[in-house]
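In what follows, a single structure is set out as structure tokens and then discussed.
The values are calculated or read from the model by the stated rules, or taken from the named source; none is laboratory data. Just so you know, these numbers come straight off a predicted model, no measurement behind them. A quick note on method: Cβ atoms are made from the backbone with ideal geometry, for glycine too, and the neighbour counts reach across all protein chains shown.
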Amino acid sequence: MSKIAPTNDRLLRALRREPVDATPVWLMRQAGRYLPEYRATRARAGSFLAMAKTPELACEVTLQPLARFDLDAAILFSDILTVPDAMGLGLYFVDGEGPKFERPIRSVADVDKLFVPDMAGELRYVMDAVSLIRKELDGRVPLIGFSGSPWTLACYMVEGGGSENYSKVKAMLLNEPAAMHRLLDITTDAVIAYLSAQRAAGAQVLQVFDTWGGVLAPHHYREFSLRYLSRIAQELPRGDGGDRTPLILFGKGNAPYLPELADSGAEALGVDWLISLEDARRCTAGKVALQGNLDPAMLYGSPDSIRNEVLRTLGSYARGGDGTHTGHVFNLGHGLSPDMDPEHVRVLVDAVHEFSAQHMFA
Ligand code: CP3
């Protein structure tokens, strides 16, 4: 929404499928526990939630990976579970166990109590963080805002935390489909309001994380995940032409649905490593930009093997289309883990720029 164009606009150009001098790269969970400076800020804040809810600290950790690596984007430091938290579910974290809700959604009566939270009230801290980060970035790279997908948020809301088999949310889907659709509908309204507010506060790219869409059978994926992703892509107001704020739909396990996702109205699709970018590009037929898709575990390999895998990924994307890297945003197929070596992250980021700038993938 700002009038100042970012100095490094590779990401925005790639998402518009315009030529770039080198493939842009950012990494999911680029701020996190693998960085000692993150662990220091977290210790000072006392907890992950205190850090995410204090705009100055959220801003500080957002900028940490950019100070170290030649990344082409910043991503807001926050969490997808801020939205159900603001819907009254009471988010908390147990060390080693991940996120939990004090008041999960277990009945039709619980669904009936859900509401779209006030973006200027309960979620004000997120918008304040976005504005502050934009100011501190001073146009160096674009800022990505994000939300969870309705289905992925529903998984946490109903399970009450992470899950092995999604038994509770799948039981609700089977036994109370109307209530599940009401839950997903209101959550979709909340996601649209949340992303719009982030855009108004200064986010220049928006990503939806559908982390758990891939746990559904195809007919259920289409009915309970894709339908709501499409509604977001259709209804989210994001400007027109060159000023349009690109929307990226990332999904783990979304490979079988890429042709349908390419028709959703989103500008870009994020893909995991279970499909080659060559196949992903072919089956989306130039309708969208693609983001991905190195297996994060490649970072456990040696620097030489990381460079090889980067080259292979760039080549795969090029082969799926006209032989160029136009329309590709380099990323992992999922996030970085706490036990990864920051020096390997550097090797990856630098290799993306080096190989793509020299067209070594051709
Ligand atoms: O990518 C980034 O750098 C931006 C920050 C970001 C976080 N979470 C920070 C975070 C983003 C985009 C998310 C999204 C998120 N959160 C998703 C979707 C993406 C994905 O990874 O699939 C999901 C499913 C969540 C829910 C969640 N929050 C989980 C499963 C966890 C991990 C729990 C753990 O202990 O490992 C969190 C906490 C969380 N969110 C951390 C970070 C850096 C770790 C918190 C810590 O410091 O202990």
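Considering the conditions (1) more than 8 Å from the ligand (Cβ to nearest atom); (2) of a type in the set (A, V, I, L, M, F, W, C); (3) in a helix (DSSP H, G or I), LEU71 is excluded by exactly one of them, (3).
Just one of (1) assigned to a helix (DSSP H, G or I); (2) touching a residue at least 60 places away in the same chain (Cβ under 8 Å); (3) within 16 Å of the ligand (Cβ to nearest atom); (4) of a type outside the set (Val, Ile, Thr) fails for LEU12. It is (3). When the residues of the stretch 323-345 are filtered to those that are in a loop (DSSP other than H, G, I, E, B) and away from the ligand (no atom under 16 Å from the Cβ), the one that is farthest from ARG10 (Cα to Cα) is ASP341.
Yes or no: the stretch 50-57 includes at least one residue that is within 24 Å of LEU247 (Cα to Cα) and in contact with a Gly (Cβ under 9 Å, 6 or more places away or on another chain). No: zero hits.
Selection of helices (runs of 4 or more DSSP H) fully inside the stretch 165-272 by the criterion of at least 1 residues being touching a strand residue (DSSP E or B) at 6+ places or on another chain (Cβ under 7 Å) returns 177-201, 227-235, 258-262. Candidates SER276, SER305: the one that is among the small types (Gly, Ala, Ser), surrounded by fewer than 20 Cβ atoms within 10 Å (Cβ to Cβ) and over 30 Å from ALA203 (Cα atoms) is SER305. One residue stands out in the stretch 40-57 among those that are away from the ligand (no atom under 11 Å from the Cβ) and not in a helix (DSSP H, G or I): the one that is modelled with the highest pLDDT, namely THR54. Looking at ARG33, ARG44, just one residue is more than 16 Å from PHE330 (Cβ to Cβ), in contact with a Lys or Arg (Cβ under 7 Å, 6 or more places away or on another chain) and surrounded by fewer than 17 Cβ atoms within 10 Å (Cβ to Cβ), and that residue is ARG33. Touching a residue at least 12 places away in the same chain (Cβ under 8 Å), more than 12 Å from the ligand (Cβ to nearest atom) and crowded, with 18+ Cβ neighbours inside 10 Å: is that true of VAL111 in this structure? So VAL111 fits the description; yes. Has the stretch 143-165 got at least one residue that is touching a helix residue (DSSP H, G or I) at 6+ places or on another chain (Cβ under 7 Å) and either more than 18 Å from ILE80 (Cα to Cα) or away from the ligand (no atom under 15 Å from the Cβ) (or both)? Looking for residues that are touching a helix residue (DSSP H, G or I) at 6+ places or on another chain (Cβ under 7 Å) and either more than 18 Å from ILE80 (Cα to Cα) or away from the ligand (no atom under 15 Å from the Cβ) (or both), one finds none in the stretch 143-165, hence no. Please work out if GLU60 is surrounded by fewer than 16 Cβ atoms within 10 Å (Cβ to Cβ), at negative phi, in a helix (DSSP H, G or I) and away from the ligand (no atom under 12 Å from the Cβ). For GLU60, the condition - surrounded by fewer than 16 Cβ atoms within 10 Å (Cβ to Cβ), at negative phi, in a helix (DSSP H, G or I) and away from the ligand (no atom under 12 Å from the Cβ) - is not met. Summed over the stretch 197-213, the residues that are more than 15 Å from ALA266 (Cα to Cα) and surrounded by fewer than 24 Cβ atoms within 10 Å (Cβ to Cβ) give a count of 6.
Quick grid of which residues meet (1) in a loop (DSSP other than H, G, I, E, B); (2) within 13 Å of the ligand (Cβ to nearest atom); (3) within 19 Å of the chain's Cα centre (by Cα); (4) crowded, with 22+ Cβ neighbours inside 10 Å:
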residue: THR23; (1), (2), (3), (4): yes, no, yes, yes
residue: ARG29; (1), (2), (3), (4): yes, yes, yes, no
residue: LEU66; (1), (2), (3), (4): no, yes, yes, no
residue: ASP79; (1), (2), (3), (4): yes, yes, yes, no
residue: PRO84; (1), (2), (3), (4): no, yes, yes, yes
residue: LYS100; (1), (2), (3), (4): no, yes, no, no
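Among the residues in the stretch 301-311, are any among the small types (Gly, Ala, Ser) and in a loop (DSSP other than H, G, I, E, B)? Yes, that holds for at least one residue. With respect to VAL94, is the statement that it is more than 15 Å from the ligand (Cβ to nearest atom), surrounded by fewer than 21 Cβ atoms within 10 Å (Cβ to Cβ) and either under 21 Å from GLY161 (Cβ atoms) or not basic (Lys, Arg) (or both) true? No.
Of all residues in the stretch 312-322 being small (Gly, Ala, Ser) and part of a loop (DSSP other than H, G, I, E, B), which is farthest from the ligand (Cβ to nearest atom)? Looking at residues that are small (Gly, Ala, Ser) and part of a loop (DSSP other than H, G, I, E, B), I get GLY321.
Among the residues of the stretch 273-298, write down those that are assigned to a strand (DSSP E or B) and over 16 Å from LEU27 (Cα atoms). Steps first, answer last, please.
Here is the first cut: in the stretch 273-298, the residues assigned to a strand (DSSP E or B) are 289-294.
Scanning the stretch 273-298 gives a single hit, ALA289.
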